[in-house]
1. What is the one condition in (1) closer than 25 Å to Met1 by Cβ; (2) of a type in the set (Phe, Trp, Tyr); (3) at pLDDT 95 or above that Tyr168 does not satisfy?
2. For the stretch 127-143, what are the residues that are under 12 Å from Met165 (Cβ atoms) and charged (D, E, K, R)?
3. Of everything in the stretch 77-103 that's out of contact with any helix residue (DSSP H, G or I) (no Cβ under 9 Å at 6 or more places or on another chain) and charged (D, E, K, R), which residue is nearest to His12 (Cα to Cα)?
4. In the stretch 104-139, what count of residues is obtained for those that are aromatic (Phe, Trp, Tyr) and within 20 Å of Tyr15 (Cα to Cα)?
5. Go through (1) farther than 22 Å from Met1 by Cβ; (2) open to solvent by less than 40 Å² (accessible area, probe 1.4 Å); (3) in contact with a strand residue (DSSP E or B) (Cβ under 6 Å, 6 or more places away or on another chain) for Leu127 and report which single condition fails.
6. Where residues in the stretch 149-172 are open to solvent by 60 Å² or more (accessible area, probe 1.4 Å) and within 23 Å of Asp106 (Cβ to Cβ), which of them is farthest from the chain's Cα centre (by Cα)?
7. Is it true that Ser143 is within 24 Å of Glu50 (Cβ to Cβ) and either without any contact (Cβ under 8 Å) to a residue 60 or more places away in the chain or of a type outside the set (D, E, K, R) (or both)?
8. Looking at the stretch 56-73, which of the residues that are farther than 15 Å from Ala100 by Cα and free of Cβ contacts under 8 Å to residues at least 60 places away in the same chain is surrounded by the most Cβ atoms within 10 Å (Cβ to Cβ)?
Amino acid sequence: MALLSAGYGVSHTKYTFLSEQLSQLGYMVVAIGHELENDPPLSVSGNLYETRSENWKRGAETLDFIKLRLASTYQNYNFNDLLLIGHSNGGDISSWLANAGKDYIDIVITLDHRRVPLPKRRGINVLSIRGSDYPADEGVLPSKKEAKEYSMCVTEIPKSRHNDMTDYGPKWLKDEITNVIDNFLNGTGCRVNS
């Protein structure tokens with residue numbers, strides 16, 4: 001089971017290249033758009049970790065709710081080894097939930113999320129694919145020692161842009177993202193460019 005969280009301002013239907021890949025790998029994929037029309041806009045000033053945390057908390061609660069709801073409906077699927085994948089703000093939401101100590105999360109994959117630290121926990125496999133145009137905030141990505149200790153893979157795709165990590169992006173980038181994910185999920189390795 002995979003829960004795919006869209007980036008802020010991007011429709012949850014604009015990640016078909018990821019949904020199709022994960023479906024081919026045997027995952028049931030549920031794509032989630034976290035913003036409602038009456039939600040306040042995402043903060044763009046001040047300490048963004050503090051001003052956006054309410055958004056991430058709400059998003060994590062949504063993921064938890066969807067997991068519980070679907071588990072009772074689709075009893076033939078494994079909801080105890082969830083894959084969370086998210087782009088940008090969706091990656092922040094996925095990381096927020098993974099940091100909450102839930103025992104049903106097996107894998108977290110983020111595409112250029114920038115604010116919420118990746119989970120540093122044994123038992124969760126972490127892949128973070130980085131664009132090359134915006135850095136993550138300090139403390140979001142693990143040190144090399146932490147990455148080794150917690151089996152975390154952080155890899156940058158050269159000449160890639162944050163806003164292109166959707167269906168709107170160029171084919172070469174979508175192909176590169178799916179290749180990195182495929183290698184990570186099938187255990188053939190982590191390509192590290194940093």
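1. All conditions are met except number (1).
2. Matches in the stretch 127-143: Arg130, Asp133.
3. Asp81
4. Restricting attention to the stretch 104-139, the residues satisfying the condition of being aromatic (Phe, Trp, Tyr) are 104, 134.
Right, trim to within 20 Å of Tyr15 (Cα to Cα) and you get none.
Count: 0.
5. Tallying (1) farther than 22 Å from Met1 by Cβ; (2) open to solvent by less than 40 Å² (accessible area, probe 1.4 Å); (3) in contact with a strand residue (DSSP E or B) (Cβ under 6 Å, 6 or more places away or on another chain), Leu127 fails exactly one: (1).
6. Residues of the stretch 149-172 that are open to solvent by 60 Å² or more (accessible area, probe 1.4 Å), as a first pass: 149, 151, 156, 158-159, 161, 163, 168, 171-172.
If we keep only those that are within 23 Å of Asp106 (Cβ to Cβ) as well, we get 149, 151.
On the way: Glu149: 20, Ser151: 16 Å.
Among those that are open to solvent by 60 Å² or more (accessible area, probe 1.4 Å) and within 23 Å of Asp106 (Cβ to Cβ), it is Glu149.
7. yes
8. Ala71
The values are calculated or read from the model by the stated rules, or taken from the named source; none is laboratory data. This one's a predicted model, so the numbers in the text were calculated from it and none came from an experiment. Heads up, the Cβs are rebuilt from the backbone with ideal geometry, glycines too, and the neighbour counts pull from every protein chain shown. These area figures cover heavy atoms from the full protein model, side chains too; ligands, DNA and RNA do not enter into them. Shrake-Rupley method; radii C 1.70, N 1.55, O 1.52, S 1.80 Å.
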